[in-house]
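The values are calculated or read from the model by the stated rules, or taken from the named source; none is laboratory data. Here the structure is a predicted model, which means the values were calculated and not measured. Cβ coordinates were reconstructed from backbone atoms using ideal geometry, including for glycine residues, and neighbour counts include every protein chain displayed.
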Amino acid sequence: MLAKTTLSAAFFGAVALAVATPGIFWVNSGVIASQKAILPYEQYVKWYEEIHIRDWMGAKKGAITAAWRYQSLDPESDLPFLVTYKYPDISEFNAPEFTQVSLTHPSLPEGGPITKFAQFEVLIGSHIETWRGASTGDDRGPLLVTESIDSGNVSAEQINKWYGETYIKDLSGIKGWRRTSRFEGSQQPKWFALHEFEDGSFGTDVKLPGLLGNSSGTKEIANSVKKADLTLWRLVREYGNATTAWGQQGGDKIVG
């Protein structure tokens, strides 16, 4: 029988939020380069999609309503696997049930734990707001651009004002834009977002800039923040109520 190895917020490097508001748990991962011969990526995907996501979602009934699994479109990415989980109440991330989710399984080399073979980067945050196009339905866009911003000395007031008055106009003007959902974490990168797009919005060899959009206001923010990272993904698999809103149902802001 395998010895049970479990995880915790400390293992992931995440800081749980105490606020009772809808939020996201965002887990970006990949097999460590030195372990790829032992744990092929396809085997890692099978364990993650069929075992771990279901274990995590089932750890506490009702704590998570949906999850979306994405694959990086960068063939050289060290962390090509992304899962985003919707928590109706992000403070539930603190529940002890999640610390008991096993990292061992017979399908893993030596039975695991997975921490021996894979590396993880995570973000946890509360939902701020979501904008979407007037004709956008509840389905998730097939292409996703993730954005994380280490704001440095740029204030929350500046970030929020730029997003609401400038950036959403930039984003909604990009071909194929469907929806943008913003989140706020308790540590840097403090601001992160999911930008959903239709197929064909980006080329397969696209190099994303520091931020999307060419307005002077967006360029100013891009030059002022400490760091802004964008990554392009494709939606692969959905779990639970995959059409649920990131915030309150019916609370999306309509653009156009």
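Note on the range 70-125: residues that are modelled with pLDDT under 95, polar (S, T, N, Q) and touching a Phe, Trp or Tyr at 6+ places or on another chain (Cβ under 8 Å) amount to 1. The requirement of being surrounded by fewer than 19 Cβ atoms within 10 Å (Cβ to Cβ) and either without any contact (Cβ under 8 Å) to a residue 24 or more places away in the chain or more than 23 Å from residue 38 (Cα to Cα) (or both) is not satisfied by residue 111.
To keep it simple, each residue is scored yes or no on (1) modelled with pLDDT under 75; (2) part of a loop (DSSP other than H, G, I, E, B); (3) touching a Lys or Arg at 6+ places or on another chain (Cβ under 8 Å); (4) farther than 27 Å from residue 130 by Cα.
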site: 17; (1), (2), (3), (4): yes, yes, no, no
site: 29; (1), (2), (3), (4): no, no, no, no
site: 37; (1), (2), (3), (4): no, yes, no, yes
site: 46; (1), (2), (3), (4): no, no, no, yes
site: 56; (1), (2), (3), (4): no, no, no, no
site: 61; (1), (2), (3), (4): no, yes, no, no
site: 64; (1), (2), (3), (4): no, yes, yes, no
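Return the pair list, or none, for Cβ contacts closer than 8 Å from residues in the range 201-223 that are in contact (Cβ under 8 Å) with a residue 40 or more places away in the chain to residues that are loosely packed, with under 10 Cβ neighbours inside 10 Å and in a loop (DSSP other than H, G, I, E, B), at least 6 apart or on different chains. Listed by first residue and then by second, the contacts come to 201/175.
Consider the range 175-187. How many of its residues are closer than 15 Å to residue 255 by Cβ and modelled with pLDDT under 95? Residues that pass the stated criteria total 1. Would you call residue 131 assigned to a strand (DSSP E or B), in the same structural domain as residue 213 (by TED's automatic domain parsing) and either farther than 30 Å from residue 39 by Cβ or not hydrophobic (A, V, I, L, M, F, W, C) (or both)? Considered against the rule, which asks whether it is assigned to a strand (DSSP E or B), in the same structural domain as residue 213 (by TED's automatic domain parsing) and either farther than 30 Å from residue 39 by Cβ or not hydrophobic (A, V, I, L, M, F, W, C) (or both), residue 131 comes out as yes.
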